[in-house]
Amino acid sequence: MSDFNITVNGRQVPVIKGQTVLQASLAAGIDIPVFCWHPQLVPVGACRICLVEIEKLPKLQVACATIASEGMIVHTDSPKTIKVRQGVLEFILAHHPLDCPTCDKGGECDLQNLTFKYGLDYSRQHEPKHRVIVDANSTFDDLQIGPEIIRNQNRCIHCYRCTRIVDEIAFEDDLGAYQRSYHTEILPPPGREIRNLYSGNIVEYCPVGALTNDDWRYKVRVWLTKQTSVICPHCPDGCNMKLWNFHNKLFRATSRANENIDNGFICDIGRYGYQYVASPDRIKRPMVRRSGELVETSWEEALSLIRKQTDDIKSKLSGSGFFGFIGDIRTNEEIYAFQRLLRRVIGSNNIDHRFHRRRRLTPGEEVSSRGIESDNAEFKDIENADVIVVLGSDLHSENPITSLRVKRAVKRHNAKVILLNPLPTPLGKRAATLEVIYKQGTAAVLLHGLIDAVVDLERFDPSAIKLSAAEISDFRKANAAYAGVRGSEITGVDVTLVARVAEILAAAQNVFILAGSYVERDPLRDSLHLAVANLQSFCKSARKIFLPPDSNSVGAAFFGAEPTVLPGRQSWGKKAIYEDLWHGPIPDAPGKDTIGILEAIDEDEIECGLVFNADPVRLFPDGEYVRSVMEKLKLLVVIDSFMTDTARLADVILPLSTFAEIEGTRVNWEKRMQYSQRAIPPLHESKPGCEIIELLADRLGVKFNQSKPSDVYQEMARFFPTGAPTTYAAIGRDGFLIRSAETNKPGKLAYLRFVAPAIDTEYRFILLVGNADHHRGTLTERNEILMKFTGEPFVGISEADATDLAVSDGDLVKVESKYGRVVGKAMILRDFPSKRVLLPENFGEMSTNILMGRQDKIDMIKLAKM
Amino acid sequence: MFRVLKQIFVAIPIGMFTVLKQAFRKPVTIQYPFEKEPMMPRYRGLHFLERYEDGSERCVCCGLCAASCPADAIYMEPAETEKGERYAKIYEINELRCIFCGFCEEACPEEAIFLGKEYEFADSQRDKFIYTKEDLLVKWPREIPSPVKFIRKDRRVTWENLPEEQKQ
């Protein structure tokens, strides 16, 4: 591996060409103090604390920015270097206020630690210190520079880590260094605040207490806290985090650098998202409905009631009269135990985790989505790709850390990023080479037009791809209706723009396709999946990833939370294995999916539902219909942490613990399984999912004796690939991949049949559902700090439409569709295409699903000023 | 025989003389609690929390006293004032756990906590021994001048309040 050796403190240290002296020394376990250096940032040599002595060089050199060369003899602990470190620290401390007792960084401060190790224990300075006075009325000089970030310029040592993180990692522009010398101030640009999605990282990586946040401000001392390692439950990136708790109360979350995933940077949603755990809105005790009102009761009474009611329904309808929904954010253990409860104990296969989107294919749309799944790919593959195609995804807010990898690829080797989206996204302004905005519902046509444009190019080399000339020409013939100008009429994308994208794709050696939520919400989803596979076949070397909607969607699909597959993605033929394993029969036929379940309730075929941390009333299209259907149920048991829209309809509510109170495993989009520790014991009277499921199973007649997640995990472990760890202790910090070894071979090309949906002239606007700034999904509105960024729902409209309707920012507008209507404050979005409306899905007071139809192709709405 | 005579004529008078001598001395016994011994200058009794000369609390709730406490007798929770100053919202010392070692005084970087000369704080209930911030803070306005010679007299060192000898 190593190219040559250098001598550090008399030791031979291997060096890979291009490494700095610091990197080589740290890799060999030789400690050199640093302030400004960070492994993920370009070295600047600002702080001078890493000065080392290199023989034959007249002066000391900064280790962080000196490239190691063969034969170097380096001394890192000679008397001269120690003396220089003392001197550097003395200069830094000359203007440092030494207010460690009040400073929140105290205890984990690099300056404190290094001063303790190398610094002088006296001061030679008699002059007063330089002080930046922010406000004459306040005693200290703290300045709020963002909704969450507080700056104290006096403590700053000018290492520029913060501005470099904002610039190099996040590609943002809301923080900079102003003035010069020791007058340098870290500030956002005039008139702005720092409010980017990655702003929490600058607090974490500030080596002193110059940048702190409200979350951790004056709450607890770092040495009192205990840290636990958890996996972030907010998106399928699966970042590694540390939760800091003291006396069973959570105080903050920081990153736990994992180079496979997050590189040590987490987004604000994960960083502040833990706060919902201690929310006062939590369901504290079990509740039952008595004469129309939900009243608090004991576990014993709630469970007996469930037993009594289920017995009645079971004798009438057998197992098929039951259904179960489970949320994608739960751990694998809970998902596995839940489907086992439903299949083995209750005898029903009606289970689904996909309650947030339309699933059923309409007749005539014969293509099957089965088989078109994500390829085997990891975060590192994004970094190595030279062209990254982001299709139908607001990657910035849906998968913030994946978005950081894309930016890293741009930073490291100028990777080209192509965005194909129905609306402009934040990533477009920051990292995209080309941003294509198509009309919602026409993405499949766009991709087919793109393929045609690629094949048209002179530089296109058919021998580089695995398709025969006949296949290509047939495909082109079938696609003629979507190519060129005809395609552009359907998609609304300029032909020259498509040609430019094709040019980039044809030149690409290594393409990475990331398909996100707008693909899942696309009315032609299955055709679009096939179109992505087609595009993959036409690229030289391409991988595709369909980003899952929630943090453990991959795990939910793998561990049997779908009506048609058994755990381990086994088909129905393997039923006997499970009957053996669970000592009893399971139903013969596959069950119903979400739509099927709702229709069956409507026809009185299903009378009882178990809803486990899911909220179909809020998320499934046509919310009013779902509500009316759910009201028909004889018994609705909701197991949840919060009073969701579904829970309000429940007959029995059991309080459920949140992610910090349980241990378990989660699977991210790479299919990497990671272990998450329990940080605090369950709050109030809530119980962890596995325990509740065991209680229910016991009450309904079957005992599994697996109330601990570790027991469930041992049973699950038989579905993993061979060699995978069978205990939590064996999982380790990197986790393991549960995918099969074979890579996805490009299949046969599929042809597209596109029929433009009829457009109702009354409803002229297309509804796009997205995420508000600093929000993702439905849990983020429970966090105080995230609400500081975007506090209320809005109706995003374009400037052109705003002038048409005479609406200005903040005016109330009525959004109406055939199915329902909501009222919200208008927000005028710059560069937003007209005739489209963006609604955030994050706020309970304005649920977007009541505007959607269950069968509709495209959600059309009308807008009016109130 | 000689020894007996010596006891009678020498030892007994010496003893009697000693007794007589003590009988006319000032008695050592003091009439506590009506009379009190002066305390040794380094005696460590009940804690007190000091104030600045403007009456504001010195304690910033940094937690070093609690960290240095070998008996784990100190509990505190910080908060923030309107002026952006950190202060102790809750500050409690369990005087039953306290071993009066004085480490808290030594650790305090703000010259806020001291061990005083007070030793009369017996009580009949154990929970009375948890002293809160209100119990520990010195009375304001002061009834007696502070026994402490502070190194730093102001919360924030500026050119104006810098001692003259340091201005050269």
How long are the semi-axes of the equivalent ellipsoid of the range A:172-299, defined as square roots of 5 times the Cα gyration tensor eigenvalues? Whole Å, largest first.
37, 17, 16
Sulfur and carbon atoms: percent of accessible area, chain A [1.4 Å]
50
What dipole magnitude, in Debye to the nearest 20, does the range A:4-94 give about its Cα centre under +1 on Lys/Arg Cβ and -1 on Asp/Glu Cβ?
120
For the range A:1-121, what's the radius of gyration and Dmax over Cα atoms, in angstrom?
15.2, 48
Taking every DSSP beta bridge that has both residues in the range A:528-673, what percent is antiparallel when rounded to the nearest 5?
20
Projecting the Cα atoms of B:112, B:63, B:74 onto the charge dipole of the range B:47-154, where Lys and Arg contribute +1 and Asp and Glu -1 at Cβ, the residue farthest towards the positive end is B:112
Kindly flag which residue pairs out of A:249/A:380; A:592/A:703; A:226/B:89; A:439/A:814; A:708/A:788 have an alpha-carbon separation exceeding 28 Å in this structure.
A:249/A:380; A:708/A:788
Between residue B:2 and residue A:113, what is the label-to-label distance in nm when each label sits 7 Å out along the Cα-to-Cβ direction?
8.5
Summed buried accessible surface, chains B and A, 1.4 Å probe, nearest 100 Å²:
1700
Percent of Cα pairs exceeding the 21 Å cut-off, where the set is the range A:125-215:
26
Give the value in nm², to one decimal: projected area of the alpha carbon convex hull of the protein assembly as shown, averaged over all directions.
63.3
Explain nothing, just the number: dipole magnitude of the protein assembly as shown about its Cα centre with +1 on each Lys and Arg Cβ and -1 on each Asp and Glu Cβ, in debye rounded to the nearest 20.
2300
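So in chain A, what percent of DSSP beta bridges are antiparallel if you round to the nearest 5?
Numbers: 57 of 105 bridges.
The antiparallel fraction comes to roughly 55 percent.
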Going 7 Å from the Cα of residue A:168 along its beta-carbon direction, which residues of the range A:21-53 have the amide nitrogen within less than 12 Å of the resulting point?
A:36-46
If you line up the long axis of helix A:495-507 against the longest principal axis of chain A, both from Cα atoms, how many degrees apart are they, to the nearest 10?
70
For residue A:836, what residues show an amide H to amide H distance below 5 Å, using hydrogens built from the backbone and excluding near sequence neighbours?
A:766, A:798
Quickly work out the residue A:429-to-residue B:12 label distance, labels modelled 7 Å from Cα along the C-beta direction, and quote it in nm with one decimal.
11.4
What aspartates and glutamates does residue B:83 reach when the alpha-carbon gap must be under 13 Å and sequence neighbours fewer than 8 apart in one chain are set aside?
A:135, A:141, A:142
Remind me, what semi-axes does the range A:765-865 give for its equivalent ellipsoid, largest first in whole Å, using sqrt of 5 times each Cα gyration tensor eigenvalue?
21, 17, 11
Below 16 Å, Cα to Cα, which aspartates and glutamates can residue A:574 reach? Residues fewer than 8 away in the same chain don't count.
A:562, A:588
Count, for each residue of A:213-222, the Cβ atoms from other chains sitting within 10 Å of its Cβ, then give me the mean as a whole number.
3
If I model a spin label at residue A:185 and residue A:137 as a point 7 Å from the Cα along the Cα→Cβ vector, what separation in nanometres do I get?
1.9
Whole-Hz ³J(HN,Hα) from phi, Karplus 6.51 cos²θ - 1.76 cosθ + 1.60, for the range A:518-526, glycine and proline x
6, 6, 5, 8, 5, x, 9, 3, 5
Considering all projection directions equally, how large on average is the shadow of the alpha-carbon convex hull of chain B, in square nanometres?
19.0
Unit-weight point scatterers at every alpha-carbon of the range A:379-546, Debye formula, q = 0.14, 0.17 1/Å: log10 I(q)/I(0) is -0.65, -0.99
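Heavy atoms only, 1.4 Å probe, whole protein assembly: order A:572, A:582 by accessible area, highest first. Don't skip to the end; give the middle numbers.
On the way: A:572 40, A:582 5 Å².
In descending accessible area the options line up as A:572, A:582.
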How large is the accessible surface of residue A:527 in square angstrom, using a 1.4 angstrom probe and rounding to the nearest 10?
20
Non-local amide H neighbours of residue A:542 (under 5 Å, H modeled in plane, Pro and chain starts lacking H): which ones?
A:511
Largest fluctuation, B:34, B:100, B:129 only, Gaussian network model of chain B with Cα springs under 10 angstrom, belongs to B:34
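Find out how many positive minus negative residues lie around residue A:190, taking Lys and Arg as positive, Asp and Glu as negative, among other residues whose Cβ is under 14 Å from that of residue A:190.
-3
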Heavy atoms of residue B:119: accessible area, 1.4 Å probe, square angstrom to 10:
80
Quick one: grab the alpha carbon gyration tensor of the range A:626-696, order the square roots of its eigenvalues as a ≥ b ≥ c, and give me rounded if a/c is under 1.5, else prolate or oblate depending on whether a/b is larger than b/c.
prolate
Which value, in Å², gives the accessible area per residue of the protein assembly as shown when a 1.4 Å probe is used on the protein heavy atoms?
44
Restricting the calculation to Cα positions, tell me the Rg (one decimal) and the Dmax (whole number) of the range A:4-68 in Å.
11.0, 30
If the chain between residue A:373 and residue A:722 were fully stretched, how many nm would it gain, using 0.36 nm times the residue separation less the Cα-Cα distance?
123.4 nm
Which residues, if any, in the range A:69-103 lose at least 50 square angstrom of accessible heavy-atom surface (probe 1.4 Å) when the other protein chains sit next to their chain rather than the chain being alone?
A:101
Take every DSSP beta bridge whose two residues both sit in chain B, then give the antiparallel share in percent to the nearest 5.
95
Residue order for A:496, A:212 - accessible surface, 1.4 angstrom probe, largest first:
A:496, A:212
Positive end of the charge dipole of chain A (Lys, Arg +1 and Asp, Glu -1 on Cβ, about the Cα centre): tell me which of A:585, A:829, A:19 has its Cα farthest that way.
A:19
If the only charges are +1 at each Lys and Arg Cβ and -1 at each Asp and Glu Cβ, what is the size of the charge dipole of the range A:792-861 around the Cα centre, to the nearest 20 debye?
320
Mind listing the phi-derived Karplus ³J(HN,Hα) values for the range A:234-247, rounded to whole Hz, using 6.51, -1.76 and 1.60 with θ = phi - 60°, and x for any glycine or proline?
9, 8, x, 6, x, 5, 8, 10, 10, 9, 9, 10, 9, 6
Angle in degrees between helix A:689-699 and the longest Cα principal axis of chain A, rounded to the nearest 10
30
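Report, to two decimal places, the Cα Rg of the range A:64-159 normalised by 2.2 N^0.38 Å (N = number of residues). Show your work: numbers first, answer last.
On the way: Rg = 17.1 Å, N = 96, 2.2 N^0.38 = 12.5 Å.
My calculation over the Cα atoms of the range A:64-159 gives 1.37.
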Mind checking the mean number of beta-carbon atoms from other chains within 10 Å of the Cβ atoms in A:132-141?
3
Per residue of the protein assembly as shown, what 222 nm ellipticity follows from adding -39500 (n - 2.57) for every DSSP H run with n ≥ 4, rounded to the nearest 500?
-7000 deg cm²/dmol
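The values are calculated or read from the model by the stated rules, or taken from the named source; none is laboratory data. Just so we're clear, the structure is a prediction, and the values are computed from it rather than from any experiment. Using ideal geometry, Cβ is built from the backbone for each residue, glycine included, and neighbour counts are taken over all protein chains shown. When the accessible area is computed, the model is the full protein with side chains, heavy atoms only, and any ligands, DNA or RNA have been set aside. Shrake-Rupley method; radii C 1.70, N 1.55, O 1.52, S 1.80 Å.
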